[in-house]
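I have placed the structure first, in the form of structure tokens, so that the comments after it can refer back to it.
The values are calculated or read from the model by the stated rules, or taken from the named source; none is laboratory data. Because the structure is predicted, anything quoted here is derived from the model rather than measured. Cβ placement follows ideal geometry from the backbone for every residue including glycine, while neighbour counts extend to all protein chains displayed. Ligands, DNA and RNA are stripped out before the accessible areas are found, and what is left, the full protein with its side chains, is counted by its heavy atoms. Shrake-Rupley method; radii C 1.70, N 1.55, O 1.52, S 1.80 Å.
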Amino acid sequence: MIKAEIITIGDEILYGQITDTNTQWISAELDKIGIRTVRKSSVGDTEEAILEIFEESSKRANLVIVTGGLGPTKDDITKKTFCKYFHSELEVHEEALADLTEFFRKRGREVTGLNLGQAELPTNATFIKNTMGTAAGMWFEDNGVVYISMPGVPFEMKGMMTLTLLPKLQEHFKTPVIFHKVIRTIGIGESFLAEIIESWEDALPENIKLAYLPSMGSVKLRLTGFGDDLKTLENDIEDQFTKVLPTIQEFVYGFGNDEIEEVLGRLLSSKKQTVALAESCTGGYLAHQFTKVSGSSAYFMGGIIAYDNSIKMNQLGVKAETLDTYGAVSEETVIEMSQNVRKLLGTTYGLATSGIAGPNGGTPEKPVGTVWIAIATETETITRKLTLGGFREQNIHMTTINILNLLRKLCL
């Protein structure tokens with residue numbers, strides 16, 4: 001397995017002034033050609049830090065990819081640092097100078113001053129053309145390790161990788177084929193899921209690996225196959241999916257990049273069913289999950305954020321005696337909220353949430369994280385009590401995940 005390490009250079013990344021999107025994109029593209037990223041690092045604009053990370057990376061990886069620090073100003077020191085690392089020196093590279101001259105000519109300008117320095121490359125570097133900017137890329141080889149340096153500007157880096165470097169890397173390393181497929185589950189924890197599929201996991205062939213990727217409210221199962229033929233890998237992994245799916249079918253909501261709100265939207269659209277919301281503790285977050293999906297107007301009719309009890313009574317028609325007797329966070333209240341919003345907006349389903357998101361407002365009887373959810377149809381109303389107990393944002397998110405999953409089950 002070819003191992004890669006990706007390094008971003010720039011104080012602006014360490015200070016949090018810009019978001020590093022380069023490493024995520026690069027590692028995903030490397031994965032497609034069978035190169036595994038084993039580490040990602042960010043260092044500041046100091047020679048000492050850069051030299052140190054170069055030395056460390058060379059011991060861990062076959063491929064070291066560097067982005068950033070190639071601009072014309074004095075704080076961009078990547079090229080000079082490469083020279084010191086490889087005991088080399090800078091000199092004008094004729095092809096880089098020709099590209100730079102043409103770049104400025106098209107814009108009605110001449111190459112002068114600091115920009116001329118961008119045509120200088122370490123003498124041991126292989127020039128990599130930048131079709132979208134002025135900073136040339138560089139390819140180095142030393143003791144079996146390939147070092148690649150690219151500009152930090154994302155669209156310049158992506159152009160260089162796509163047009164030149166990915167094909168060159170495949171040829172240089174003779175990379176194997178890697179194929180991933182993901183099952184998305186919901187409503188079951190990672191450890192419980194692992195127990196259910198333990199015997200299947202233990203029987204996986206050596207060239208297929210399973211990874212558990214948990215997130216709040218869901219777990220992704222990723223199968224990764226390694227081999228020489230893509231079609232064979234796809235078939236082998238599909239066979240493994242066929243074996244495990246009957247065991248976990250009730251928890252599976254999608255595959256690949258499917259999100260629960262997208263899957264639910266497709267279900268509602270296919271059945272020509274509609275939804276209305278009465279939200280209290282989720283404060284509009286549930287509506288956001290529906291409406292962030294393109295085309296959601298086909299099934300999402302609207303909602304009421306009934307945060308205050310007066311809104312629950314005046315807009316949703318929740319009885320005063322229900323609130324006085326049982327409280328806003330109760331099964332009785334969410335039943336009325338869900339039933340009344342469904343009738344008010346004329347939808348197939350009425351969804352309601354009411355709970356104590358925290359960090360304040362809890363009582364011994366109803367601690368922080370106590371939530372009631374309900375879904376009303378024309379013929380029935382289903383309720384669930386959630387005992388979450390996490391942080392405020394976590395409670396809001398988990399409430400939303402739970403009611404979306406409950407609606408998914410009803411739709412099925």
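At-a-glance table
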item: Candidates Gly369, Gly362, Gly327, Gly355 - the one that is in contact (Cβ under 8 Å) with a residue 24 or more places away in the chain, of a type outside the set (Ser, Thr, Tyr) and farther than 20 Å from Gly187 by Cβ; result: Gly327
item: Residue in segment 87-94 that is open to solvent by less than 80 Å² (accessible area, probe 1.4 Å), in contact with a strand residue (DSSP E or B) (Cβ under 9 Å, 6 or more places away or on another chain) and outside any strand (DSSP E or B) present; result: yes
item: Qualifying residues in segment 1-43 (those that are more than 20 Å from the chain's Cα centre (by Cα), open to solvent by 70 Å² or more (accessible area, probe 1.4 Å) and not basic (Lys, Arg)) - the one farthest from Ala61 (Cα to Cα); result: Gln17
item: Condition met for Ile53 (in a helix (DSSP H, G or I) and among the β-branched types (Val, Ile, Thr)); result: yes
item: Residue in segment 70-86 that is open to solvent by 60 Å² or more (accessible area, probe 1.4 Å) and modelled with pLDDT of 90 or more present; result: yes
item: Boolean, Leu121 is within 30 Å of Ile208 (Cβ to Cβ), surrounded by 21 or more Cβ atoms within 10 Å (Cβ to Cβ) and among the aliphatic types (A, V, I, L, M); result: no
item: Selection count where residues are in a helix (DSSP H, G or I) and open to solvent by 70 Å² or more (accessible area, probe 1.4 Å), scope segment 103-118; result: 3
item: Test: residue in segment 156-177 that is open to solvent by 20 Å² or more (accessible area, probe 1.4 Å), within 16 Å of Thr224 (Cα to Cα) and not polar (S, T, N, Q); result: yes
item: Strands (runs of 3 or more DSSP E) wholly inside segment 343-412 containing at least 2 residues that are surrounded by fewer than 21 Cβ atoms within 10 Å (Cβ to Cβ); result: 381-387
item: Out of Arg105, Arg36, sole residue that is charged (D, E, K, R) and within 21 Å of Ala135 (Cα to Cα); result: Arg105
